[in-house]
There are 2 protein chains.
Amino acid sequence: MAYIGTAVEYALHCLLWLVEPLSTPASSGDLAELQGVPAAFLAKILPKLERARIVTAAEGARGGYRLERPPAGITVLDVVEAIEGRKPLFDCQEIRGRCALFRDGAPRWATSGICSIHAVMVRAEEVLRAELARTTLADLARTVGRKAPAGFAGDVRAWLGERAALRASRGARRDEEWAGSGVGRAPAPRRKVR
Amino acid sequence: MAYIGTAVEYALHCLLWLVEPLSTPASSGDLAELQGVPAAFLAKILPKLERARIVTAAEGARGGYRLERPPAGITVLDVVEAIEGRKPLFDCQEIRGRCALFRDGAPRWATSGICSIHAVMVRAEEVLRAELARTTLADLARTVGRKAPAGFAGDVRAWLGERAALRASRGARRDEEWAGSGVGRAPAPRRKVR
């Protein structure tokens with residue numbers, strides 16, 4: 001398995017569609033269908049972005065996801081860590097202390113400070129993180145935007161808008177049906193659309 | 001699992017003991033015992049270093065491993081790739097071509113060139129590899145050598161030398177036993193000591 005997994009790829013692609021604010025937030029299901037990715041998988045990814053305050057979820061039939069922060073302030077590293085956690089590049093087993101010559105336990109000089117091999121890996125992890133932190137969602141959106149023809153972003157926004165409107169009208173119809181049923185049943189509590 | 005695994009850690013620690021040429025090459029079993037790591041695991045690691053021409057294996061009872069190249073010409077990246085192969089940091093699934101708006105298949109502009117998200121990951125992988133390539137075995141050995149007290153490297157060399165002498169004397173005794181058995185049985189073919 002790669003160090004940076006498919007969930008990060010799905011998350012970044014989703015977030016790109018949220019860079020330009022939508023009139024109605026996009027639901028997890030609509031974002032999955034738009035991109036041809038499994039809805040159940042994406043439904044587990046977006047709450048991780050919410051916990052990291054990268055997106056915010058609005059509730060109700062008109063609910064869905066928006067970016068919580070300006071896209072120029074969200075880096076690829078932020079997204080990788082929101083999804084994967086702070087995963088070490090290398091997991092040092094501290095074998096330097098196990099030398100057969102240390103019969104009475106490892107001496108202090110052998111285990112003090114960071115292991116020299118571990119130190120190389122830590123430096124490598126630092127440059128990797130710094131490189132991932134250099135690109136923001138805004139940068140990515142500009143690059144992607146330059147490739148697409150003029151009308152494409154608008155077409156996607158229209159597609160997401162139609163889906164949001166459909167969700168809203170279904171929600172309104174359900175409320176009317178409950179109100180007209182005469183059994184005094186309260187509408188179901190509004191849940192986050194994810 | 002970390003991107004750079006325990007096998008790389010074991011390999012690098014072993015190689016550090018081979019930086020200063022030993023009078024007799026070190027066997028895989030002796031290197032495992034010296035460092036308190038599982039012999040069966042190390043026996044799978046050292047042949048990978050041999051295939052990458054980082055170590056060379058001498059045959060016979062006095063056999064074992066030596067560095068094949070000068071330590072200043074062997075980088076941490078060489079060792080990582082000898083053990084792990086050229087493992088990608090990120091495995092792009094090319095989801096950009098699956099957009100629901102591409103009803104008749106993805107247009108050329110959507111899938112030409114590298115995906116912008118994949119490009120960020122490739123740059124991150126390049127800086128990671130460059131950083132791992134900056135440190136050589138010679139550099140690591142100098143750092144480790146500065147930490148250890150004056151006599152320690154000599155003690156380790158003496159320990160490995162005693163083990164090598166023991167292996168050689170056992171091999172010679174076995175040859176004598178065969179020669180004296182009078183049944184004309186030829187000594188078993190010498191195998192690599194690993």
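In the full protein assembly as shown, how much of A:S27 is accessible to a 1.4 Å probe, in Å² to the nearest 10?
Taking all protein chains as shown, A:S27 has close to 0 Å².
Given the protein chains as shown and a 1.4 Å probe, how many square angstrom of A:K44 are accessible, to the nearest 10?
The value for A:K44 is about 150 Å².
For helix B:116-133, what angle does its Cα long axis make with the longest principal axis of chain B, in degrees from 0 to 90 and rounded to 10?
20 degrees
Under 37 °C and 0.692 mPa s, how fast does chain A diffuse according to Stokes-Einstein, given a Kirkwood radius computed over C-alpha pairs? Answer in µm²/s, whole number. Numbers along the way, then the final one.
Numbers: Rh = 20.0 Å.
Result for D is 164 µm²/s.
Could you please state, rounded to a whole Å, how far the C-alpha centre of region A:150-170 is from the C-alpha centre of region B:113-127?
One Cα centre to the other: 30 Å.
Angle between the Cα long axis of helix B:6-16 and the longest principal axis of chain B, 0 to 90 degrees, nearest 10?
That helix lies at roughly 50 degrees to the long axis.
Running a GNM on chain A with Cα contacts under 10 Å, which residue among A:T136, A:T75, A:T111 ends up with the highest mean-square fluctuation?
A:T111
With each pseudo-label sitting 7 Å past Cα toward Cβ, what's the B:A130-A:E59 distance in nm, one decimal?
A separation of 4.9 nm, rounded to one decimal place.
Please give the solvent-accessible surface of A:S23 in Å², to the nearest 10, using a probe radius of 1.4 Å with every protein chain present.
Around 110 Å² of this residue is reachable by solvent.
Quick one: what do you get for region A:10-70 if you divide its Cα Rg by 2.2 N^0.38 Å? Write out the running numbers ahead of the final one.
Working: Rg = 10.3 Å, N = 61, 2.2 N^0.38 = 10.5 Å.
Output field value: 0.98.
Could you check which residue among B:E94, B:E84, B:E20 shows the biggest mean-square fluctuation in a GNM of chain B with a 10 Å Cα cutoff?
B:E94
Taking R0 as 41 Å, what's the FRET efficiency between B:R157 and B:A119 from their Cβ-Cβ distance, rounded to 0.05?
In this case the efficiency is close to 0.25.
Count the lysine pairs in the protein assembly as shown whose Cα atoms lie under 30 Å apart, taking only pairs 8 or more positions apart in sequence or on different chains.
Final tally of qualifying lysine pairs is 21.
Which whole-number percentage describes the relative contact order of chain B, with Cα contacts under 8 Å and a sequence gap of 6 or more?
Here the relative contact order equals 31 percent.
Please state the relative contact order of region A:16-112 as a whole percent: Cα pairs under 8 Å, 6+ residues apart?
Contact order relative to length: 23 percent.
Just grab the label-to-label distance for B:E94 and B:E20, each label 7 Å out from Cα along the Cβ direction, in nm (one decimal).
Those two pseudo-labels are separated by 5.4 nm.
Under a point-charge model restricted to the Cβ atoms of Lys and Arg (+1) and Asp and Glu (-1), what is the dipole moment magnitude of region B:19-102 relative to its Cα centre, in debye to the nearest 20?
Its charge dipole is roughly 320 debye.
Binned at 10 Å from 0, what are the whole-percent values of the Cα-Cα distance distribution for region A:101-174, short to long?
All Cα pairs considered, the percentages come to 14, 18, 16, 16, 12, 11, 9, 4.
In whole angstrom, how long is each semi-axis of the equivalent ellipsoid of the protein assembly as shown, when you take the square root of 5 times every eigenvalue of its Cα gyration tensor and sort them from largest down?
So the equivalent ellipsoid measures 60, 21, 21 Å along its semi-axes.
Using a Gaussian network for chain B with springs between C-alpha atoms less than 10 Å apart, which of these wobbles most: B:G105, B:G161, B:G151?
B:G105
Using only DSSP helix segments of four residues or longer, with each worth -39500 (n - 2.57), what per-residue ellipticity at 222 nm results for chain A after dividing by its residue count and rounding to 500?
About -17000 deg cm²/dmol.
Suppose every K and R has +1 on its Cβ and every D and E has -1 on its Cβ; what is the size of the dipole of region B:94-135 about the Cα centre, in Debye to the nearest 20? Spell out each step's value before the answer.
Numbers: 7 positive and 5 negative charges, 22 e Å.
Approximately 100 debye in magnitude.
Hey, quick one: spin label on A:A150, modelled 7 Å out along Cα-Cβ, who in region B:101-129 has an amide N within reach, i.e. under 18 Å?
Correct set: B:109.
Would you work out the charge dipole size for chain B about its Cα centre, treating the Cβ of every Lys and Arg as +1 and the Cβ of every Asp and Glu as -1, and quote it to the nearest 20 debye?
Values: 30 positive and 22 negative charges, 66 e Å.
Charge dipole of chain B: 320 debye, to the nearest 20.
Helix A:152-180 versus the longest principal axis of chain A: what is the Cα-based angle in degrees, 0 to 90, to the nearest 10?
Compared with the principal axis, the helix lies near 60 degrees.
The values are calculated or read from the model by the stated rules, or taken from the named source; none is laboratory data. Since we're looking at a predicted model, the values are computed, not measured. Positions of Cβ are backbone-derived with ideal geometry, glycine not excepted, and every protein chain shown enters the neighbour counts. What goes into the accessible areas is simple: the full protein's heavy atoms, side chains included, and nothing from ligands, DNA or RNA. Shrake-Rupley method; radii C 1.70, N 1.55, O 1.52, S 1.80 Å.
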